[in-house]
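*Asks:* Pasting a structure below so you can have a look.
The values are calculated or read from the model by the stated rules, or taken from the named source; none is laboratory data. Nothing here was measured: the structure is a model prediction, and the numbers come from that model. Cβ placement follows ideal geometry from the backbone for every residue including glycine, while neighbour counts extend to all protein chains displayed. Only protein heavy atoms, including side chains, enter the accessible area calculation; ligands, DNA and RNA are left aside. Shrake-Rupley method; radii C 1.70, N 1.55, O 1.52, S 1.80 Å.
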Amino acid sequence: YQEGGIESPDGHCRAFDKNSAGTVFSNGAGLVVLKRLSDAVRDNDTIYAVIKGYALNNDGAEKTSYTAPSFVGQASCIASALAFADVNAETIDYLEAHGTGTKLGDPIEIAALTNAYRSYTDKKQYCAIGSVKTNIGHTRIASGIASFLKAVLAIKYKEIPPTLHYQSPNPEINFVDSPFYVNTKLRHWKTNGHPRRAGLSAFGIGGTTTHVI
């Protein structure tokens, strides 16, 4: 641990929390089988989820430093994924965030998400948000696929898992006026007349930014 760095001082990743001070690095691997929906239906495959849209960019030119993320790059990527998916952000009930639990990164991520979602809705605190990093740490290059697997399984089992170690918000995050709330307990995933939909973000220190619906 180094003050101002990205590694946690106490071995816990406290995403979005006022006591967040860094992430926990771990190792992992994940694998998914991607297939055109029409082919999967034809072949009578088990379909866990459907990717409606995605986007990726690199915010390197917008970053203030190598490890500091860019609001502009993240907001642009999320907005592009929503446009590609052609869905109203108001129908997305769960957001699996990058959520590293750093004092700088978490507020930028929520601000970028809020900016993109506000093009669709003014509703407040309707979308649960979480980060698998609070459970298993930051699995380095596998962190994106870990988030993907969590979101897909939440849809399959119709339950939103809790985000751990959260007590009160990072003071730089305005959850009250955002579309999001931190989900802290296992919650049955209710819908309001639309399919269960999740968004997920995965960001790289070098600048790669990805969002999937």
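*Asks:* Would you mind working out the magnitude of the charge dipole of the chain relative to its Cα centre, with +1 at each Lys and Arg C-beta and -1 at each Asp and Glu C-beta, to the nearest 20 Debye?
*Replies:* The calculation lands at about 580 debye.
*Asks:* Excluding ligands and nucleic acids, what accessible area in Å² is computed for Arg196 using a 1.4 Å probe, to the nearest 10?
*Replies:* Accessible surface of Arg196 is approximately 70 Å².
*Asks:* What percent do you get for the relative contact order of the chain when only Cα pairs under 8 Å and 6+ apart count?
*Replies:* Relative CO of the chain lands at 32 percent.
*Asks:* Also, quick follow-up: Keeping all protein chains in place, calculate the accessible area per residue for region 25-102 (probe 1.4 angstrom), answer in Å².
*Replies:* Details: 4530 Å² over 78 residues.
Per-residue value: 58 Å².
*Asks:* Still on this structure: Taking the 0 to 90 degree range and rounding to the nearest ten, how far is the long axis of helix 71-85 tilted relative to the main principal axis of the chain, both from C-alpha atoms?
*Replies:* Tilt relative to the chain: about 10 degrees.
*Asks:* Okay, moving on. Which of the pairs Lys123/Lys150; Lys35/Lys158; Lys123/Lys185; Lys63/Lys124; Lys103/Lys158; Lys52/Lys103 have their Cα atoms more than 27 Å apart in this structure?
*Replies:* Lys63/Lys124; Lys103/Lys158; Lys52/Lys103
*Asks:* If you roll a 1.4 Å probe over the heavy atoms of the protein chains, what accessible area per residue do you get for region 162-208, in Å²?
*Replies:* 54
*Asks:* Got a number for the accessible area of Val33? Probe 1.4 Å, square angstrom, nearest 10.
*Replies:* 130
*Asks:* Next question, about the same structure. From the phi of every residue in region 12-17, what ³J(HN,Hα) in whole Hz does the Karplus formula 6.51 cos²θ - 1.76 cosθ + 1.60 yield, where θ is phi - 60° and glycine or proline is x?
*Replies:* 10, 9, 10, 4, 6, 8
*Asks:* Only helical DSSP H runs with n ≥ 4 go in: add -39500 (n - 2.57) per run for the chain, normalise by residue count and round the 222 nm mean residue ellipticity to 500 deg cm²/dmol. If you can, show how the numbers build up before the last one.
*Replies:* Details: 5 runs with 53 residues, N = 213.
Result for the chain: -7500 deg cm²/dmol, rounded to the nearest 500.
*Asks:* Name the most mobile residue of Val152, Val176, Val32, meaning the one with the largest mean-square fluctuation, in a Gaussian network model of the chain with Cα contacts below 10 Å.
*Replies:* Val32
*Asks:* Same structure, new question: What angle do you read, to the nearest 10 degrees and between 0 and 90, between the alpha-carbon axis of helix 143-157 and the longest principal axis of the chain?
*Replies:* Between helix and principal axis, roughly 50 degrees.
*Asks:* Rounded to whole Å, give me the distance from the Cα center of region 133-164 to that of region 44-107.
*Replies:* Centre-to-centre distance over Cα atoms comes out at 15 Å.
*Asks:* Here is a further query. Just the number, please: carbon plus sulfur as a percent of the accessible area of the chain, 1.4 Å probe, no ligands or DNA/RNA counted.
*Replies:* Result for the chain: 52 percent of the exposed heavy-atom area is carbon or sulfur.
*Asks:* Here is a follow-up. Please arrange Tyr126, Tyr117 by accessible surface area, largest first, computed with a 1.4 Å probe and ligands excluded.
*Replies:* The residues order as Tyr126, Tyr117, largest area first.
*Asks:* Report which label in [x] 11.5; [y] 14.5; [z] 12.8 holds the value of mean projected area of the Cα convex hull in nm² derived from the coordinates of this structure.
*Replies:* Step by step, mean projected area of the Cα convex hull in nm² for this structure corresponds to label [x].
*Asks:* Still on this structure, please answer the following. Working from Cα positions, state the angle (0 to 90°, nearest 10) between the long axis of helix 105-117 and the longest principal axis of the chain.
*Replies:* The two axes meet at around 40 degrees.
*Asks:* Using Cα-only point scatterers and the Debye equation, what is log10 of I(q)/I(0) for region 40-122 at each q in 0.22, 0.23, 0.25 Å⁻¹, rounded to two decimals?
*Replies:* For the requested q values the scattering log ratios are -1.09, -1.15, -1.28.
*Asks:* Where in the chain lies the longest segment free of GluC sites (Glu not before Pro) that are both loop residues by DSSP (not H, G, I, E, B) and have at most 15 other Cβ atoms within 10 Å?
*Replies:* Details: sites that count: Glu3, Glu172.
Counting at most 15 other Cβ atoms within 10 Å as exposed, the longest clean stretch of the chain is 4-171.
*Asks:* Right, another one. Starting from the Cα-Cα distance between Thr208 and Asn135, subtract it from 0.36 nm times their residue separation and give me the gain in nm to one decimal.
*Replies:* 24.0 nm
*Asks:* Could you pull the accessible area for Lys35 with a 1.4 Å probe, rounded to 10 Å²?
*Replies:* Accessible area, nearest 10 Å²: 100 Å².
*Asks:* Continuing with the same structure: What net charge is computed for the residues neighbouring Phe71, neighbours being all others with C-beta under 14 Å from the C-beta of Phe71, Lys and Arg scored +1, Asp and Glu -1?
*Replies:* Charge balance in the 14 Å sphere: -3.
*Asks:* Provide the net charge surrounding Ile108, with neighbours chosen by a C-beta distance below 14 Å and charges set as Lys +1, Arg +1, Asp -1, Glu -1.
*Replies:* With Lys, Arg at +1 and Asp, Glu at -1, the net is -3.
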